[in-house]
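Peer 1: Dropping the structure in here first, questions after.
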Amino acid sequence: MNCPLCDTPGGTVLWQDDFCRIVLADEPDHPGFLRVILNVHVKEMTDLPAADQQALLRVVMAAEAALREVMTPDKINLASLGNVVPHLHWHVIPRFADDPHFPNPVWGERKRSAAHAAPGGLNPQLSQALSLRLARAPETE
């Protein structure tokens, strides 16, 4: 079985532990586009035990919170599709009124030619915000 999320990091790793990782996807039109990727090959959320489901969603929520803090987007989109790559992962996407596809989904019809400008130092800022959030015990968030 060839799985790109088993065989490669799936993007620039900003945070990881033994369970999952958060990567910055290579999506030039959408700076800050994150993926939360499970480190083992699992197809669906319901294939995980309840505690692992909660742990993964905690990481997704931390990714959303970090994006909101660092980028102050107009909206966050969350998606777990896996139609092309059936390896459990979540897309956490900051959306801006001036991004190329807004208000359409990022995979929808393009409305503008220019991408939303990425803030300087985005990767280290996101990495730090993620590390701070994910270092906390779940009950303190």
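The values are calculated or read from the model by the stated rules, or taken from the named source; none is laboratory data. Fair warning: this is a prediction, and the values are worked out from it, not measured in the lab. Backbone-built Cβ (ideal geometry, glycine too); neighbour counts: all protein chains shown.
Peer 1: Counting only residues that are over 18 Å from the mean Cα position of the chain (by Cα) and among the aliphatic types (A, V, I, L, M), which one in region 96-114 is farthest from N77 (Cα to Cα)?
Peer 2: A114
Peer 1: Residue by residue through region 3-30, note down the ones that are touching a residue at least 40 places away in the same chain (Cβ under 8 Å), over 26 Å from P103 (Cα atoms) and acidic (D, E).
Peer 2: The one that is touching a residue at least 40 places away in the same chain (Cβ under 8 Å), over 26 Å from P103 (Cα atoms) and acidic (D, E): D17.
Peer 1: Scan region 81-130 for residues that are surrounded by fewer than 15 Cβ atoms within 10 Å (Cβ to Cβ) and among the acidic types (D, E) and jot them down.
Peer 2: Result: D98, E109.
Peer 1: On to the next question. Inside region 1-88, counting only strands (runs of 3 or more DSSP E) that do not spill past its ends, which hold 2 or more residues that are in contact with a Leu (Cβ under 9 Å, 6 or more places away or on another chain) and either of a type in the set (V, I, T) or modelled with pLDDT of 95 or more (or both)?
Peer 2: Hits in region 1-88: 12-16, 20-24, 34-38.
Peer 1: List every residue pair whose Cβ atoms sit under 9 Å apart, with the two residues 6 or more apart in sequence or on different chains, where the first one lies in region 54-78 and is within 18 Å of P103 (Cα to Cα) and the second, anywhere, is in a helix (DSSP H, G or I) and of a type in the set (D, E, K, R).
Peer 2: Listed pairs, sorted by first residue: I76/E64; I76/R68; L78/E64.
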